[in-house]
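Novice: One structure is given below, represented as structure tokens, and several questions about it will come after.
The values are calculated or read from the model by the stated rules, or taken from the named source; none is laboratory data. Keep in mind the model is a prediction, meaning the values are calculated, not measured. Note that we place each Cβ from the backbone using ideal geometry, even for glycine, and neighbour counts take in every protein chain shown.
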Amino acid sequence: MNWTARSLGRRVLTAALTAALIGCVVGVASAGHDDRDDDFHDRPRGGTYAIGLWGDLPYSPLQSTVGLPNLIADMNAQRLLFTVHNGDLKAGSGSLCDDALYYQARDWFNALDGAAMFTPGDNDWTDCDRPSNGGFNSLERLDRERQIFFSTPFSMGRRPIRQQVQTAPLCLGSGGGFVPCVENRRWMAGRVVYATLNVQGSCNNLCDVAPDPAEHAARNAANIQWLRETFALAHQRRAVAVMLI
């Protein structure tokens, strides 16, 4: 597929994610063995490891106060190597996109026993310009997420791991200049390469209250570059699978 001619969207990546999951098995993957160490390689103990994939949560006060704490406790009981939240820390409308939301989410991630990863969702930033969400500048909200969740090359969680980060200034910041796309992360466990990409629903920031074609174009190009680099790395490392989140 010619990625330069297509705009990435969450639904487009769903097919790629499904294929990757088939290759690496949902939740459990073979550890394999690789004597090469680097900043983002995390070698599991034993022959297999389990991971947790969650997201679109919480969408209600009940989920926030009851469901989510129970889920965190359940994930901690499973001895997961790491977890990934695939975005949407709140419902799409009717609740504020303020800093309190982000700090609360960071506390949730840091309550997880293993490494905890996160990739932003549309409800976290592109939809924050809706009046019912506080009428924020959506790009300013993304910048704030970058500061709160992605200020270091390490994941969150009680046992953080170092990750590869897209540090090239390819994304647009709220000030109008280009900034690193630090939310795009990559790491390896066993012989599987994992990568996150900031690809959004709600038309990927091309519609709704305040569409931003320039922001979309810059981020889309950055995502394409990160995707290509991820598969090149997987080939170099002889990975058995790639999982995109």
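Novice: Which residues, counting only those in the stretch 206-238, are touching a helix residue (DSSP H, G or I) at 6+ places or on another chain (Cβ under 8 Å) and in a loop (DSSP other than H, G, I, E, B)?
Specialist: 206, 208, 209, 210, 211, 212
Novice: Continuing with this model, one more query. Cβ-Cβ below 9 Å, separation at least six or inter-chain, first residue in the stretch 32-61 and β-branched (Val, Ile, Thr) and surrounded by 10 or more Cβ atoms within 10 Å (Cβ to Cβ), second modelled with pLDDT under 95 and not in a loop (DSSP other than H, G, I, E, B): which pairs?
Specialist: Hits for this filter: 48/28; 48/29; 48/30; 51/28; 51/29.
Novice: Turning to a different aspect of this structure: Every residue in the stretch 170-191 that is over 19 Å from residue 118 (Cα atoms) and among the aromatic types (Phe, Trp, Tyr), please.
Specialist: Matches in the stretch 170-191: 178 only.
Novice: Can you list the helices (runs of 4 or more DSSP H) found entirely within the stretch 56-156 that contain at least 1 residues being within 19 Å of residue 198 (Cα to Cα)?
Specialist: 99-110, 138-149
Novice: Quickly run through the stretch 125-154 and pick out the residues that are more than 19 Å from residue 204 (Cα to Cα) and buried (at least 18 other Cβ atoms within 10 Å of the Cβ).
Specialist: 149, 150
Novice: Still on this structure, I have one more. Within the stretch 157-176, can one find any residue that is among the small types (Gly, Ala, Ser), in a helix (DSSP H, G or I) and more than 17 Å from residue 53 (Cβ to Cβ)?
Specialist: No, the stretch 157-176 has no match at all.
Novice: Find the residue count for the stretch 180-205, including only residues that are in a loop (DSSP other than H, G, I, E, B), over 12 Å from the mean Cα position of the chain (by Cα) and within 27 Å of residue 91 (Cβ to Cβ).
Specialist: Total satisfying the criteria: 1.
Novice: If you don't mind, another one. Kindly establish whether residue 77 is modelled with pLDDT of 95 or more, closer than 21 Å to residue 153 by Cα and either buried (at least 17 other Cβ atoms within 10 Å of the Cβ) or out of contact with any helix residue (DSSP H, G or I) (no Cβ under 7 Å at 6 or more places or on another chain) (or both).
Specialist: no
Quick grid of which residues meet (1) surrounded by 23 or more Cβ atoms within 10 Å (Cβ to Cβ); (2) farther than 30 Å from residue 93 by Cβ; (3) in contact with a Ser or Thr (Cβ under 6 Å, 6 or more places away or on another chain); (4) touching a residue at least 12 places away in the same chain (Cβ under 8 Å):
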residue	(1), (2), (3), (4)
167	no, yes, no, yes
173	no, no, no, yes
178	no, yes, no, yes
219	yes, no, no, yes
225	no, yes, no, yes
245	no, no, yes, yes
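Novice: Is it the case that residue 234 is among the small types (Gly, Ala, Ser) and buried (at least 19 other Cβ atoms within 10 Å of the Cβ)?
Specialist: Yes.
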